[in-house]
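Here is the structure we will look at, set down as structure tokens.
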Amino acid sequence: MTHMPSEIPIPETRHLIPDLVIGVDIGGTSIKLGVVNLEKGKILREISFKTPNATAKETAEILARHVNVLIHQYPDITSIGIGVPGAMNLDRTLAQYPPNFPKWEIEPFAQYVKEALPISELVVMDNDAKVAALAESKFGSAIGEKFFMLATLGTGIGGAIVADGKIFRGAYGGAGEFGHIMINYQGPESNSGIRGVLEAYLGQKYLSDSTLEKLKDGKIKSSLRTFLPGGSLEPKDIYEAAQAGDAFAKEVLSEAGFILGIGFATIATLLDIRIFIVSGGVAQAGDLILNSARESLKKNVLAHQRDSVEIRVSKLVTSAGVIGAALLTVAEKM
């Protein structure tokens, strides 16, 4: 049985500002939502809560309670955009089997939210990586770029391809699932059930679990050994150790970057895309991951591509999902 949160206290301060919308970023670990000024691409108020282990409809009802907090403060808001993990159908009305949401199947999630918020005039959704790419195009690291790929590195690994200034969706709407391209058919199994895909190497849980497994080798000297046995190691712990000079932690992140670069090289070779933008929690490791990713990318593309391939860090960092989701409410056909 899913535990529903108690009534959320509603602040008394109310703001009447036109042209604001709510953007929602559904993540495997947490859900973030915020009031976004679309003209400036700024989040005026943001809240977050832990992603519930719940069905899609239950999640929508829980989300609606938090949305109501923002709507009470900004009562003129009637539009909500939502970024959801997993593949969408072409008209973006159905979220389809998000790998890190075991209780979801094919779900009209935006409709569930709208039903729980009858005062809302517009509730729209899209894949979370695609909305992040939209935000980067408008306000972030891809302004003016017509061809690029965005990768979100978090609990899962998402992706979005922008071609000729438009998001490429494929024949059925699910193009861009970067985290599920295979790099080793004998590799570890991901939550999608497919072996050896990028997410099975770079997703937060894998990165933590594989690091703990390596630390069982008593010869390894690392400050991270304090998490043994069975400690709750998070990627941020690995980053902090690496920044403090821990050689083993640096090696873990360098290896992760090398694998990421191989994934980008595959996309570059297949689609001749040469600009790659990384966002999400894991990406906050910065050059600790990206230096080896850049080296791996250049090493594994064709000779004529080497001088022009490029990896950029998101300027919007972890805000891209919320801002991009908000942009859905005014974006025309993407």
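The values are calculated or read from the model by the stated rules, or taken from the named source; none is laboratory data. Note that the structure is predicted; figures quoted are calculated from it, not measured. Every residue, glycine among them, receives a Cβ derived from its backbone with ideal geometry; neighbour counts consider all protein chains shown.
Just to verify a result, which residue in the range 149-166, among those that are of a type outside the set (D, E, K, R) and surrounded by fewer than 22 Cβ atoms within 10 Å (Cβ to Cβ), is farthest from G203 (Cα to Cα)? Filtering the range 149-166 for residues that are of a type outside the set (D, E, K, R) and surrounded by fewer than 22 Cβ atoms within 10 Å (Cβ to Cβ), the one farthest from G203 (Cα to Cα) comes out as G165.
Taken residue by residue, the range 106-127 has no member that is surrounded by fewer than 19 Cβ atoms within 10 Å (Cβ to Cβ), closer than 19 Å to T266 by Cα and among the polar types (S, T, N, Q).
In the range 155-198, which residue that is hydroxyl-bearing (S, T, Y) and either farther than 23 Å from I31 by Cα or not assigned by TED's automatic domain parsing to the domain that holds I262 (or both) is nearest to the chain's Cα centre (by Cα)? In this case the residue turns out to be Y172. In the range 51-91, the qualifying residues are those that are of a type in the set (D, E, K, R) and more than 19 Å from N127 (Cα to Cα), and the one that is surrounded by the most Cβ atoms within 10 Å (Cβ to Cβ) is E61.
Scan the range 300-334 for residues that are modelled with pLDDT of 90 or more and closer than 21 Å to G263 by Cβ and the total you get is 17. The set of residues in the range 90-122 that are under 17 Å from the mean Cα position of the chain (by Cα) and hydroxyl-bearing (S, T, Y) contains only Y97. A count restricted to the range 147-198 and to residues that are within 23 Å of V309 (Cα to Cα) and among the acidic types (D, E) stands at 2. Restricting G165, G187 to residues that are modelled with pLDDT under 90 and either of a type in the set (K, R) or under 23 Å from T269 (Cα atoms) (or both) narrows the list to G187. One residue is enough: does the range 79-96 have a residue meeting the conditions assigned to a helix (DSSP H, G or I), over 21 Å from T29 (Cβ atoms) and touching a residue at least 12 places away in the same chain (Cβ under 8 Å)? Checked against the condition, which is being assigned to a helix (DSSP H, G or I), over 21 Å from T29 (Cβ atoms) and touching a residue at least 12 places away in the same chain (Cβ under 8 Å), the range 79-96 yields no hits at all. Take the conditions assigned by TED's automatic domain parsing to the domain that holds F258, surrounded by fewer than 22 Cβ atoms within 10 Å (Cβ to Cβ) and modelled with pLDDT of 90 or more and apply them to S222. Does it pass? Yes: the conditions hold for S222.
For the range 258-308, the set of residues classified as part of a loop (DSSP other than H, G, I, E, B), buried (at least 21 other Cβ atoms within 10 Å of the Cβ) and β-branched (V, I, T) consists of V301 only.
The set of residues in the range 137-181 that are farther than 30 Å from G193 by Cβ, in contact with a Leu (Cβ under 7 Å, 6 or more places away or on another chain) and assigned to a helix (DSSP H, G or I) comprises K138, F139.
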